[in-house]
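Each remark here refers to the structure printed beneath this line.
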Amino acid sequence: MREVAAFDCFLEHLVDRCRRLLVLEAARGSYDHALEAIGRRCGTRVVGKRQAEQLVRAAAVDIAAFYAARTPAPAAGTTLLVLSVDGKGIVMRPGHLREATRRAAERATRTFRTRLSAGEKACRKRMATLAVVHDADPAQRRPHDIIAPPGGRTGRRTPRKGPKARAKWLTASVQHDADQVIATAFDEAQARDPQHRRCWVVLVDGAAHQLELIRAEAARRKVEIHIVLDIVHVLEKLWAAARCFHTATDPAAEDWVGAKAARILAGDAPGAVGDIHAEADRTGLSPDQRAAADRACRYLENNAAYLHYDKTIEAGWPTASGTVEGAARHLIADRLDITGSRWSVCGAEAVLTLRAVISNGDFPQYWTFHTRRERERLYPAPDRAEYDLTAWIRPSLRRAAHIAQGRTGAGATVPVCPRPRSTASPPSSSVRSTTGAARPQMWIGSADW
């Protein structure tokens, strides 16, 4: 029996290591590459592709419970608490699109049968929402520390670096809507600052729907947040506007963008918008020629409340959402956007959340947590309230049992089971519960057994 038990433990450990390797390889690359890695390790193919997909989905079921039970490390009250949210599409199978996307795909009319024309969309992606929470120490800067002045830097002064992110925590979901992902990010921030004593900075890209959800979540939690528009998105709009006044290879376009960006960073975004409008009017551009410039101006006007960069850089807050932009690349694009991939909702959700856990550096702790939860589901602990406690009592102990129960009078009895014929093991029997169902009988062994 000892040899059998030892072999069972060894086999269980071996299977657990194979499952762990499969999950890591499937989260890193395609399922075909994951099966090849398992085959090289084991010497033969031990699992099929469909089974591998099922194992990966099963491995991700405890991620929410794992982070709900985790306590983040504390930080000083002067440390910034930074949140940023972004979205990225994932190519899905036809039956796994959101309802609005599915209806749009049904209504769409294509110019060509075999390819998309300019402006047409395939309507085959489902938007995944990502959120990043991290700590950062304030770092004061000046506008020219962020954007080079017209003509370039002289090199006499080293630009000051911005706040450096640390203790980054990523979350993402393609199954749940953006409001749930944002609420999860706020849960992590709440766990890091339950008393709301730190400065909360939220970096956004200007998406109106995300802004509404962020403000609603902050109001629900009664926390003050400072929303900052990502400067990188502002620069992209300015570069698009520069194409209205300069050719694609004109070096003067860089100076034009630098001058407008420096003015915006100095807190004069309305002045930059006025300059762009005046220049477009002065050059006599047609509506089509000035379309990109008008879009840039509307973008700046619609997000004017989040363009106070003069106060932002003076306070030492971050101005760019590079953390969430990088997360969108390495969480989604590097795995879920590989050539030829088409995903189901549950399959994409499992791989996406596992990649977030790995990126957070929490996979070893999560795997220990997951295996323990899996064992509890497979082998649940018996509920002792469901057992009737009976015991065989030797005649020499009956008097003590009577005294302990306060029944020492004539005719007093205690529940006594007949002594089993064999003393090698307890008798196998069952008793009836109060509801009439048979209950297993728990025996208390004695020195005779």
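The values are calculated or read from the model by the stated rules, or taken from the named source; none is laboratory data. Because the structure is predicted, anything quoted here is derived from the model rather than measured. Here the Cβ is made from the backbone with ideal geometry for all residues, glycine too, and neighbour counts use every protein chain on show. With ligands, DNA and RNA removed, areas are computed over all heavy atoms of the protein, side chains included. Shrake-Rupley method; radii C 1.70, N 1.55, O 1.52, S 1.80 Å.
Ignoring ligands, DNA and RNA, please state the percent of accessible area on the range 123-170 from carbon and sulfur, probe 1.4 Å. C and S atoms contribute 49 percent here. Between Arg160 and Ala65, the C-beta separation translates, for a Förster distance of 25 Å, into a calculated FRET efficiency of about 0.05. The label point for Gln365 and the one for Thr249, both projected 7 Å from the Cα toward the Cβ, are 5.5 nm apart. Highest average first, the peptides 158-167, 361-370 ordered by how many other beta carbon atoms sit within 10 Å of their residues are 361-370, 158-167. What is the range 255-395 by shape, rounded, prolate or oblate, if you read a ≥ b ≥ c off the alpha carbon gyration tensor as root eigenvalues and call it rounded for a/c under 1.5, prolate for a/b larger than b/c, and oblate otherwise? Prolate. With an a/c value of 1.5 or above and a/b not larger than b/c for the gyration tensor axes a ≥ b ≥ c computed over the alpha-carbon atoms, the range 98-189 is described as oblate. A 1.4 Å probe run over the protein chains yields, for the range 65-108, 53 Å² of accessible area per residue, whole-number rounding.
Computed in the context of the full set of protein chains, the accessible area of the range 200-344 at 1.4 Å probe radius has 52% of its extent on carbon or sulfur.
Gain on full extension, evaluated as 0.36 nm per residue between Gln175 and His277 minus their Cα-Cα distance, stands at 32.5 nm. Taking amide H as placed 1.01 Å from N in the peptide plane, Ser173 has its amide H under 5 Å from the amide H of Thr129, each at least 5 places away in sequence or on another chain.
Using a probe radius of 1.4 Å on heavy atoms only, what accessible surface per residue do you get for the range 172-267? Whole Å² is fine. Per-residue value: 45 Å².
Principal semi-axes of the equivalent ellipsoid, √(5λ) from the alpha carbon gyration tensor of the range 191-243, are 29, 12, 6 Å from largest down.
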